[in-house]
Amino acid sequence: EKIFSGFSKTRDNLAVVDELLLYWNLADTDRVLDELEEALLVSDFGPKITIKIVESLRDDILAGKLKSGSEIKAALKKSVLDLLTKKGSKTELKLGFRKPAVVMVVGVNGGGKTTSLGKLANRLKNEGAKVLLAAGDTFRAAASDQLEIWAERTGCEIVVAEGEKAKASTVLSQAVRRGKEQGYDIVLCDTSGRLHTNYSLMEELIACKKAVGKVVSGAPNASLTLCLEILQVLDGTTGLNMLPQAREFNDVVGITGLILTKLDGSARGGCVVSVVDELGIPVKFVGVGEGVEDLQPFDAEAFVNAIFP
Ligand code: GDP
């Protein structure tokens, strides 16, 4: 499991707790829980989740429900797993019955949008889908070139902007129209990601969503969420900063799922739990490298086992 190669720091932090649990007895409770609190905080779980986990363990220990170190460890793992899955653990894409399904990726620059889209194209194509790429990041010229490389690598067709001043929403609606006419199963749309504090970026994303919804439904006022997955790409190494980022994008465009990238690097992982808990949005995929195969469906259990083996 590649996800296991990341999170080494989090694993090390939690290993200290693991060792204490090996020799645990009731008198050690405060010391162990203090150590656990520290380990969760430095692993980016954030204060809210950390307190929730630690205090519920303390209650169960004091109530006599957890009687050994191994029971405490199992309860700890279960509470993280529950936080990750209680708001729905469905990680499959919701592609609907209408063709083409549309998947749009959003997020700040450098997070891994274009790369993730390329990897997703490869994945869906291998599953037998006819995939069309749409280069909707019209601000960063290199983004289009980068997506063209992915198109070549994965053998997918691509729609790019015609002319310098083409609007992203125009490119995306052209792509979806072509997808509709030519019997594509899925249109994968890239978008710009200048700073998320930039108001006009949010305007643009709303325009993209509307333009796509209009073509998909054929009616200007039909549900925009029809067959539309909006996946936010979050850089796993940014720690708790990803929470306000995710909140802002979600408030504006309505995120249906998350792609967490760079988990092969120095990600500490805890923030995943915070984002899922706070926003109630499932993680659908994780990025574990730069190669074409390095996008995996998110497996909450594998995640928990990776940070706390
Ligand atoms: P965008 O600006 O959001 O489109 O981000 P890019 O797709 O251009 O990615 C930014 C950088 O992160 C590139 O160098 C990618 O190769 C790298 N990258 C993306 N995903 C991953 C990942 O899962 N693991 C690693 N190690 N690098 C990644």
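The values are calculated or read from the model by the stated rules, or taken from the named source; none is laboratory data. Since we're looking at a predicted model, the values are computed, not measured. Virtual Cβ from ideal backbone geometry, glycine too; neighbours counted across all protein chains shown. When the accessible area is computed, the model is the full protein with side chains, heavy atoms only, and any ligands, DNA or RNA have been set aside. Shrake-Rupley method; radii C 1.70, N 1.55, O 1.52, S 1.80 Å.
May I ask you to derive the FRET efficiency for Lys65 and Lys94 from their Cβ-Cβ distance with R0 = 25 Å, giving the value to the nearest 0.05? Taking R0 as 25 Å, the efficiency between Lys65 and Lys94 is 0.10. Treating r as the C-beta distance of Glu203 and Arg58 and R0 as 45 Å, the FRET efficiency rounds to 0.45.
When Asp294, Asp60 are compared by accessible area of protein heavy atoms, the largest-first order is Asp60, Asp294, using a 1.4 Å probe. P(r) tail, the stretch 65-173: Cα-Cα pairs separated by more than 21 Å, 52% of all pairs.
What you get for the stretch 238-309, charging only the Cβ of Lys and Arg (+1) and of Asp and Glu (-1), is a dipole of about 140 debye around the Cα centre. For Arg58, the solvent-accessible surface with a 1.4 Å probe is about 50 Å², rounded to the nearest 10. Using the Cβ-Cβ distance between Lys48 and Asp82 with R0 = 22 Å, the FRET efficiency computed as 1/(1 + (r/R0)^6) comes to roughly 0.90. Remark: C-alpha extents of the chain on the principal axes read 70, 37, 35 Å, sorted largest to smallest. Backbone amide hydrogens, once placed in the peptide plane, bring Leu133 within less than 5 Å of Glu157, Ile158, Val159, Leu188, excluding anything fewer than 5 places away on its chain.
Between amide H atoms placed 1.01 Å from N, distances below 5 Å from Thr261 occur with Leu234, Asp235, Gly236, Gly287, all of them 5 or more places distant or on a separate chain.
Among Leu40, Leu279, Leu205, the residue with the largest mean-square fluctuation in a Gaussian network model of the chain, with springs joining Cα atoms closer than 10 Å, is Leu279.
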